[in-house]
Amino acid sequence: MTIMAVRSGDGSAGDADYATIGIDYPRYRRPDPRIAARITQALGGARTVLNVGAGAGSYEPTDRQVTPVEPSATMRAQRPAGRATAIDATAEDLPFADGSFDAAMTTFSVHQWGDLRAGLREIRRVTRGPVVILTGDPERLRRFWLNEYVPEVIDTEARRYPSLEALSDGLGGPVAGTVVPVPLDCTDGFNEAYYGRPEALLDPAARRSCSAWSFADAAVHDRFAHDLGRDLAEGTWDRRHGYLRTLPAFEGSLILVTSP
């Protein structure tokens, strides 16, 4: 039975509206080449690659034949010139025959799908080889100092990120999860990318580019900006976490999950 995802006005098919949160992606969510290299390595020798929840094309390898799928019109419009045109479809209902692709990938996407299990079944159905998923491990989220300031945002991420068990169940077989170190100068502005640059999260547009913040109301944003701004001014943040400013990489919740 085909599962039809509920879609917003711009086509967003998950629990976040990219007509709102996607407008700043070109400035704040630029793929980091070190993370990209890990994804490309996990794809192995695949020549044809399906990218589900492709967005603006972050982390798509440029040396393969990539077929992107993206339901949000806002994100499809941000794809750079020269990239393949994204197909307007959802993970739960992929318009491809069985075994159409050598490999599949999805980055920062599975936690937003309306029906995770259906989407994973579909990806496995149309893919002959490895499925590669860049996501967050809900068990590792509270390693990050942000939990001290806005536990509501971390709680939201913990509810949304699927466990390895859920990913394995949906893909119908074993998966391997590997922690991906986040570099200090990471160019992709997800929350943990700012582990050593806390001032950056005082920018509302930086927060808006991380979907978990869209579930926090204005009062939570205001409290966070006030408390973090005060602690930075008074030196409290640096007394607690200043060592992070020079830590080359942070091993937080970012993981690369592979299914052979």
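The values are calculated or read from the model by the stated rules, or taken from the named source; none is laboratory data. Just so you know, these numbers come straight off a predicted model, no measurement behind them. Cβ coordinates were reconstructed from backbone atoms using ideal geometry, including for glycine residues, and neighbour counts include every protein chain displayed. Protein only, heavy atoms only, side chains kept; ligands, DNA and RNA dropped before computing areas. Shrake-Rupley method; radii C 1.70, N 1.55, O 1.52, S 1.80 Å.
The set of residues in region 172-204 being touching a residue at least 12 places away in the same chain (Cβ under 8 Å), open to solvent by 10 Å² or more (accessible area, probe 1.4 Å), more than 16 Å from ASP137 (Cβ to Cβ) and not basic (Lys, Arg) consists of GLY172, GLY173, PRO174, PRO183, LEU184, THR187, TYR194, GLU199, LEU202, PRO204. Does region 214-222 contain at least one residue that is out of contact with any Phe, Trp or Tyr (no Cβ under 6 Å at 6 or more places or on another chain), of a type in the set (Asp, Glu) and part of a helix (DSSP H, G or I)? Yes; the residues of region 214-222 include at least one that is out of contact with any Phe, Trp or Tyr (no Cβ under 6 Å at 6 or more places or on another chain), of a type in the set (Asp, Glu) and part of a helix (DSSP H, G or I).
Can we say SER72 is open to solvent by less than 10 Å² (accessible area, probe 1.4 Å), in contact (Cβ under 8 Å) with a residue 40 or more places away in the chain and within 22 Å of PHE190 (Cβ to Cβ)? Spelling it out, SER72 is indeed open to solvent by less than 10 Å² (accessible area, probe 1.4 Å), in contact (Cβ under 8 Å) with a residue 40 or more places away in the chain and within 22 Å of PHE190 (Cβ to Cβ).
Yes or no, residue by residue, for (1) in contact with a His (Cβ under 7 Å, 6 or more places away or on another chain); (2) among the polar types (S, T, N, Q); (3) within 19 Å of LEU256 (Cβ to Cβ); (4) at pLDDT below 95:
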position: GLN65; (1), (2), (3), (4): no, yes, no, no
position: LEU94; (1), (2), (3), (4): no, no, no, no
position: ALA97; (1), (2), (3), (4): no, no, no, no
position: ILE133; (1), (2), (3), (4): no, no, yes, no
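Return the only residue of SER259, SER163 being in contact with a helix residue (DSSP H, G or I) (Cβ under 7 Å, 6 or more places away or on another chain), polar (S, T, N, Q), open to solvent by less than 10 Å² (accessible area, probe 1.4 Å) and modelled with pLDDT of 95 or more. Result: SER259 is the single residue among SER259, SER163 that is in contact with a helix residue (DSSP H, G or I) (Cβ under 7 Å, 6 or more places away or on another chain), polar (S, T, N, Q), open to solvent by less than 10 Å² (accessible area, probe 1.4 Å) and modelled with pLDDT of 95 or more. Given the criteria touching a residue at least 24 places away in the same chain (Cβ under 8 Å) and surrounded by fewer than 16 Cβ atoms within 10 Å (Cβ to Cβ), does GLY82 qualify? No. Here PRO151 meets the list (1) free of Cβ contacts under 8 Å to residues at least 24 places away in the same chain; (2) crowded, with 22+ Cβ neighbours inside 10 Å almost entirely, failing just condition (2). Of all residues in region 158-170, those that are on the phi < 0 side of the Ramachandran plot and in a loop (DSSP other than H, G, I, E, B) have Cβ atoms under 6 Å from Cβ atoms of residues that are at pLDDT 95 or above and open to solvent by 30 Å² or more (accessible area, probe 1.4 Å), 6 or more apart or on another chain, in PRO162/LEU116. For region 41-64, residues that are closer than 24 Å to ALA77 by Cα and free of Cβ contacts under 8 Å to residues at least 60 places away in the same chain total 12.
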